[in-house]
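Q: Please read through the structure below; I'll follow up with questions.
Nothing in this text is a laboratory measurement; each read-out follows from the coordinates by a stated rule. Given the structure is predicted, the values throughout are model-derived calculations rather than measurements. When we count neighbours, we look across all protein chains shown, and the Cβ atoms used for this are built from the backbone with ideal geometry, even at glycine.
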Amino acid sequence: MDNNNEQKKSISERIVAAAKTGELKMRPKWHFVLRAALWLAGIVVITMVLLYLLSLFLFLARETGIWATPLFGWRGVLIFLVSIPWMLVLAVLFFVFVLEILVRRYSFAYRLPLLYSVIAALLVVIAGGIILARTPLHDMLSHCPPARELFSGGQPGELAGPPCGTGVYQDLGARRFNNIHNGVVSDFSGTNIVIVNRQREKLLILVDKKTRLPFGEDFSIGDVVVVVGDRQGNQIAAFGISKINQ
C-alpha cells in the first residue's frame, strides 16, 4: 500500500517538476474544445461524403439496371461484376475506414470491439445511403426524369423532357455498361420488343428461344425493363430480359 502511495507521489512530483522546467506545456481549455470540434466536423464531413457516394452507386445501379443482371445466370453474374463502378465501391470502403479512425477517437466507440464499431458504421451509412438514393437528388443532378415518365401523357412515341445525362452527370447517358440496356417498352414487333432508353433512343429487342426471361414474357407498353445483349446499331440480340421496378 505504501509502495503505491510512493509511486503516485513520485509521478506527481515528476509532473510538477516537468511543468516548472517547461518540459510539460499546459494547454488552455479552448484548445481541447477546438480539437474535439474539429474531430466532430471531420466525422460529419466524412459521413456526408459516404452517404453521397453510396447513394450515387445505388442510383447508377438503378438507372442502368446492373443490379438485375445476376438474374440471367453465370453470364449475368460476370456482367454484374464487370459493370460495377468499382472506383465508387473502393471510395466508399476507404471513407468507411477513415470514418472508423475518426469515430474511435471517442471513448464510447473506443470501448467497443473493432468489429462491432465497423459493423455499426456500415449499417448507419448503408441505411442513410438507401434513404438518400430514394430522394430526387441524383435525378435532378443528372436531369433524368423517372423512367416511367419517358412518355408525355403515357403516349408511346411522344417523348418528354431532355435526354438523360444533360446535368452534372454528363457522361451518364453516354456510358455503356457491358451490354446492359435499360428502357421502357413502347411497342411490339411480332415476338420482338421495342424499348425507349434514357437517351431517347428507340431500340429493337430481338427475342428468340434462347432469350432468358426469369419473370416470364408478359410485357406491356410502359413496363420498365433491363435487357442484356449485344447491340448492333439500334438492334439488340437479347440474352435476357427482365421487368424491373423504378
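Q: Using a Förster radius of 35 Å, what is the FRET efficiency between TRP74 and LEU204 based on their Cβ-Cβ separation? Nearest 0.05, please.
A: 0.85
Q: For labels at ASN192 and GLN232 in the simple 7 Å Cα→Cβ model, what's the distance in nm?
A: Inter-label distance under the simple model: 1.1 nm.
Q: Now, a different point. Which length gain, in nm to one decimal place, applies between ILE130 and VAL45 when the Cα-Cα distance is subtracted from 0.36 nm times their residue separation?
A: Full extension from ILE130 to VAL45 adds 28.8 nm.
Q: For the ranges 207-217, 232-242, what's the packing order if you count other beta-carbon atoms within 10 Å of each residue, average per peptide, and put the highest first?
A: 232-242, 207-217
Q: Hey, what do the phi angles of the range 75-82 turn into as Karplus ³J(HN,Hα) couplings, whole Hz, using 6.51/-1.76/1.60 and θ = phi - 60°, x for Gly and Pro?
A: Listing the rounded values in order: 4, x, 5, 5, 4, 4, 5, 6 Hz.
Q: Want the number for LEU90 to ARG212: 0.36 nm per residue separation, take away the alpha-carbon distance, what's left?
A: That pair, LEU90 and ARG212, stretches by 40.7 nm at full extension.
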